[in-house]
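Below is one structure, written out as structure tokens; comments come after it.
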Amino acid sequence: MAYGSKVLDHYENPRNVGSFDKADPTIGTGMVGAPACGDVMRLQIRVNEQGVIEEARFKTYGCGSAIASSSLLTEWVKGKTLEEAGQIKNTDIAEELALPPVKIHCSVLAEDAIKAAIADYRKKTGKDENVNAA
Amino acid sequence: MRKPIYLDYSATTPVDPRVAEVMCRYLTMEGNFGNPASRSHAFGWEAEKAVERARGEVAALINADPKEIVWTSGATESDNLALKGAARFYQAKGRHIVTVKTEHKAILDTARQLEREGFEVTYLEPEPNGLLDLGKLEAALRKDTILVSVMHVNNEIGVIQDLAAISRIVKPRGILLHSDAAQSAGKIPIDVAALGVDLLSLSAHKVYGPKGIGALYVRRKPRVRLEAQMHGGGHERGMRSGTLATHQIVGMGEAFRLAREEMETEAARLKGLRARLLEGLSDIEEVYVNGDLEHRIPGNLNISFNFIEGESLIMALKELAVSSGSACTSASLEPSYVLRALGRNDELAHSSIRFTMGRFTTEEDVEYTIRLLHDKIGRLRELSPLWEMYKDGVDLNSVQWAAH
């Protein structure tokens, strides 16, 4: 299938590929998808004491759109507070990358990934209720 | 932009220039454009002669009598005519059909249609190497079984079913045997007498002929009857009406003639290329060949690169024209049903690439492919969380996946 130029750019030059130490308390890890569905996305965020995402890393098993969605996501979440990052919508990602309808699920997966990473960080730091209340 | 290297010969082949040249002679006023059914003038007679010559060439490739060849629009139509035609004609005898889960959709979708019409179909599961267990076939046959359809060569993994052995089980019970030979014609020898098939589907465009033309072999001794699916004029002894496409037919005839002459040397050459491709990739970790390597047509190599999703690999291989067993391009997200039927796990089914080489594939093409794959596999695995988990010794089957 033909890909849009933004998907191709992220696919060919993926941003922020890599891993953080899962055990590090400042790291939140979200892994979503399943090999059976043909895509697995892992997003990790490093959060500072002010609750701002300083860095993000990803690894994705999946099609070009899935890789591009997660690569774009790492750029978008950097510098955002957890609350701001949690409000990123899959439709924003799909629109930015001009994903065709059959690839919308890739952007949904990316939204799930950041939500899962935030939840993981909050669970680790026990700041669950705090941040929800904020 | 430079054109990619074509390694998708099982999808279609380019028309051989020698074939195209012959076809051009049957189109214009200067050429032989007549309707082969016209009995009243030389235009018709000449066209009919050309059609019958081509029929002879197609018959010769499979050791059939020319009278047993019925022209169709391609293997899909041949499969439809064979299955629906035989099922509807012989339904008073029984309404049970046996086929295999790894068949082409032209068979599976036709079988589904027959099920809607009240026929019963058994879909056999092949063994992990893609071949049919003859014991399972025998066990599936019933008193009311009228037809067995088993493809000669699988389009995805290239494995060759033992039709002669299948026939020995099916024929003594008075059951008809059909085979889709779209992927075997011109690649391996076919002898309908020795194989004992009653109906055999053929396509021109997999054999360096044009698209839009095919044939169905229909055995005459003992005579196999079919209910026509296309009416109007009684062409092809009433089995398939419609004005014959002379230029397409002579193209198929010439393509099959060339295949007959060159098959042996070409098969040996392709076998060498495939061995080189496989050898060149064998130093990459976690690479799996799908389907039996021995009982396989020479030009096919279907490989799973574990922990890399097929579609993204194809994207990385844009210098190559290959196909993926992963159907992520469709909304279904289903991996190859053929690989699933072999019992391949989801990761491997999603990670497969089909390389099919043919008449115009060179050694340089293969060497380039090997280098490119080494380069891209490493890069994509760096991106893959599954690869990282594998390297860390995580058992992927033990992970609780958040399926979506």
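Key figures
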read-out	value
Added length on full extension, which subtracts the Cα-Cα distance from 0.36 nm per residue, B:MET29 to B:GLU115	26.2 nm
Exposure proxy order (Cβ contacts within 10 Å, fewest to most) of A:MET31, B:MET263	B:MET263, A:MET31
Most mobile of B:GLU120, B:GLU388, B:GLU227 in a GNM of chain B (Cα contacts under 10 Å)	B:GLU388
Options B:HIS295, B:GLY253, B:SER282, ranked by Cα towards positive dipole end of the range B:253-302, top entry (Cβ charges)	B:GLY253
Hull shadow area, averaged, the range B:1-77 [alpha-carbon convex hull, nm²]	7.9
Compactness relative to 2.2 N^0.38 Å, alpha carbon Rg of the range B:66-221	0.95
Ranked list, fewest to most other Cβ atoms within 10 Å of each Cβ, for B:TRP401, B:TRP71	B:TRP401, B:TRP71
Shape metrics for chain B, restricted to C-alpha atoms - Rg then Dmax, Å	22.5, 79
Residues B:ASP79, B:ASP392, sorted so that the one with the fewest Cβ neighbours within 10 Å comes first	B:ASP392, B:ASP79
Dipole moment magnitude, nearest 20 debye, the range B:98-159 about Cα centre, only Lys, Arg, Asp, Glu C-beta charged	100
Cα-based equivalent ellipsoid of the range A:1-113: semi-axis lengths in Å, sorted from largest, via gyration tensor	23, 15, 12
Top positive-direction residue, dipole computed over the protein assembly as shown with Cβ charges, set A:SER65, B:LEU114, B:PRO126	B:LEU114
Debye intensity ratio I(q)/I(0), log10, the protein assembly as shown, q values 0.10, 0.12 Å⁻¹ (C-alpha model)	-0.86, -1.09
Estimated distance in nm for a label pair at B:ALA275 and B:LYS105, the labels positioned 7 Å out from Cα along Cα-to-Cβ	3.7
Theoretical ellipticity at 222 nm over the protein assembly as shown - DSSP helices of four or more residues, -39500 (n - 2.57) apiece, nearest 500	-12500 deg cm²/dmol
Charge dipole magnitude, Cβ of K and R +1, D and E -1 - the protein assembly as shown, Cα centre, debye nearest 20	1960
Whole-Hz ³J(HN,Hα) from phi, Karplus 6.51 cos²θ - 1.76 cosθ + 1.60, for the range B:156-164, glycine and proline x	8, 10, x, 6, 9, 7, 7, 5, 4
Cα-centre dipole for the range B:134-230 with unit charges at Cβ (Lys and Arg positive, Asp and Glu negative), debye to 20	320
Protection proxy ranking of A:71-80, A:96-105, B:305-314 - average other beta-carbon atoms within 10 Å, highest first	B:305-314, A:71-80, A:96-105
For the range B:141-231: lysine pairs under 26 Å (alpha-carbon distance), excluding those fewer than 8 apart on one chain	6
Set of aspartates and glutamates with alpha-carbon distance to B:LYS136 below 13 Å, sequence-local pairs under 8 removed	B:GLU125, B:GLU127
Among the listed pairs A:LYS78/A:LYS115; B:LYS318/B:LYS376; A:LYS6/A:LYS80, those beyond 20 Å (Cα-Cα)	A:LYS6/A:LYS80
Highest-first arrangement of B:112-118, B:265-271, where packing means the average Cβ count within 10 Å	B:265-271, B:112-118
Degrees between helix B:363-383 axis and first principal axis of chain B (Cα, 0 to 90, nearest 10)	40
Size of the range B:59-145 as Cα extents on the principal axes (Å, biggest first)	35, 34, 23
Per-residue average of Cβ from other chains inside 10 Å of B:394-402	3
Ellipsoid semi-axes in whole angstrom, largest first, where each is sqrt(5λ) of the Cα gyration tensor of the range B:212-254	20, 15, 7
Beta bridges per DSSP with both ends in chain B, % antiparallel, nearest 5	55
Residues of type lysines that B:LYS84 reaches as a straight line, Cα spacing below 16 Å, ignoring anything fewer than 8 places off in the same chain	B:LYS93, B:LYS105
Compactness index (Cα Rg / 2.2 N^0.38 Å), the range B:110-171	1.17
0 to 90° range, to nearest 10: angle between helix B:105-116 axis and chain B longest Cα axis	70
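Just so you know, all these numbers are worked out from the coordinates, no wet-lab data involved. Because the structure is a prediction, the values reported are computed rather than measured. Backbone-built Cβ (ideal geometry, glycine too); neighbour counts: all protein chains shown.
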